[in-house]
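One structure is given here, and the rest of the page talks about it.
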Amino acid sequence: GDSVTQMEGPVTLSEEACLTINCTYTATGYPSLFWYVQYPGEGLQLLLKATKADDKGSNKGFEATYRKETTSFHLEKGSVQVSDSAVYFCALRRSGAGSYQLTFGKGTKLSVIP
Amino acid sequence: GAVVSQHPSWVICKSGTSVKIECRSLDFQATTMFWYRQFPKQSLMLMATSNEGSKATYEQGVEKDKFLINHASLTLSTLTVTSAHPEDSSFYICSATGLAGVTTYEQYFGPGTRLTVT
C-alpha cells in the first residue's frame with residue numbers, strides 16, 4: 001500500500017538557519033505530493049504541493065521538488081523564522097479519478113529559537 | 001475561499017456521555033468529508049469518509065457504533081462520540097472536498113476539536 005516516511009523530529013534550529021525535512025514515499029502510479037503545516041492547537045494548512053515529476057511547489061519561502069527517481073519530496077527553506085515553529089506533515093494522494101484519500105507521514109516538529 | 005469550520009473547538013465531557021462535533025464547509029459544497037483523529041505527537045489517522053446523503057465508510061478498527069457520522073447536507077457533517085470514555089480523548093479534525101469553486105480532489109481542513117473525557 002501507499003506510505004510516506006519523513007524524518008523524525010523534533011528539529012530545533014536557530015533563527016535564519018537552513019531547514020531540510022526529508023520525505024520519501026511509496027506508491028503506485030504518479031501520486032500528488034503535499035506538505036501540510038500544523039501550528040499549535042490548530043488544524044492542518046496546505047503549505048505547498050506538486051502534482052507531477054519535477055514540479056516544484058513553493059510558498060512562504062518553503063520549497064519542495066517532486067523527484068520521481070528518488071521518490072522524494074524534501075521540504076526546504078533557506079532562512080527559518082520563529083514563526084515557522086510548527087509540525088510539518090508530508091502526504092500523498094493517489095492519482096486517478098475520484099481519488100481523494102490522503103496518506104500522511106508521521107509529522108516532524110520544528111522549533112525555531114531566537 | 002474553501003473554508004471549513006468545526007464546532008466546538010474544544011469540549012470537556014464526563015465519561016458515559018455523548019458529544020457531537022460539527023464540521024461545516026462555509027463557502028463551498030462538500031461532496032465528501034473526512035474525519036481524522038490525531039493522538040499527541042502523532043500523525044492523523046483517518047477514521048471515516050462520508051458522502052452527502054449516504055452512509056459513512058469507516059476505516060478498519062474504527063467502531064461505527066461508537067463514532068456516528070452523519071453527512072446530512074452538502075455543507076454539514078457531524079461526528080458523535082457515543083458513551084465517551086477517557087481513551088476517546090483526542091484531537092478530531094475534519095476535512096472536506098468539493099467539485100465546484102474549489103480545487104478538485106483537494107482536502108480542506110477544519111481547525112480541529114479537542115475532546116477531553118473525564
Within the stretch B:34-66, how many residues turn out to be out of contact with any Ser or Thr (no Cβ under 7 Å at 6 or more places or on another chain), open to solvent by 30 Å² or more (accessible area, probe 1.4 Å), within 14 Å of another protein chain (Cβ to nearest Cβ) and more than 15 Å from B:SER77 (Cα to Cα)?
6
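Among A:ARG94, A:ARG67, which is the only one that is of a type in the set (D, E, K, R), away from chain B (no Cβ under 14 Å) and open to solvent by 40 Å² or more (accessible area, probe 1.4 Å)?
A:ARG67
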Looking at the stretch B:80-118 only, could you name the residues that are more than 14 Å from chain A (Cβ to nearest Cβ) and closer than 25 Å to A:ARG93 by Cβ?
B:ALA100, B:GLY101
Only unsatisfied item for B:LEU68, checking (1) touching a residue at least 40 places away in the same chain (Cβ under 8 Å); (2) in a strand (DSSP E or B), is (1)
By residue number, the members of the stretch B:92-111 that are surrounded by fewer than 22 Cβ atoms within 10 Å (Cβ to Cβ) and out of contact with any Ser or Thr (no Cβ under 7 Å at 6 or more places or on another chain) are B:ALA100, B:GLY101, B:VAL102, B:THR103, B:THR104
Report yes if some residue within the stretch A:67-87 is at pLDDT below 95 and within 29 Å of B:ALA96 (Cβ to Cβ); otherwise report no.
yes
So how many residues does the stretch B:1-25 have that are within 14 Å of chain A (Cβ to nearest Cβ) and assigned to a loop (DSSP other than H, G, I, E, B)?
5
Could you give every pair whose Cβ atoms fall below 6 Å, whose first residue belongs to the stretch A:31-50 and is open to solvent by 50 Å² or more (accessible area, probe 1.4 Å) and of a type in the set (A, V, I, L, M), and whose second residue is part of a strand (DSSP E or B) and at pLDDT 90 or above, counting only separations of at least 6 or pairs across chains?
A:LEU46/A:TYR36
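The values are calculated or read from the model by the stated rules, or taken from the named source; none is laboratory data. On a predicted model such as this, the values are computed, not experimentally measured, just so you know. Here Cβ is always computed from backbone atoms with ideal geometry, including for glycine, and neighbour counts include all displayed protein chains. The area values use the complete protein model at the heavy-atom level, side chains included, leaving out ligands, DNA and RNA. Shrake-Rupley method; radii C 1.70, N 1.55, O 1.52, S 1.80 Å.
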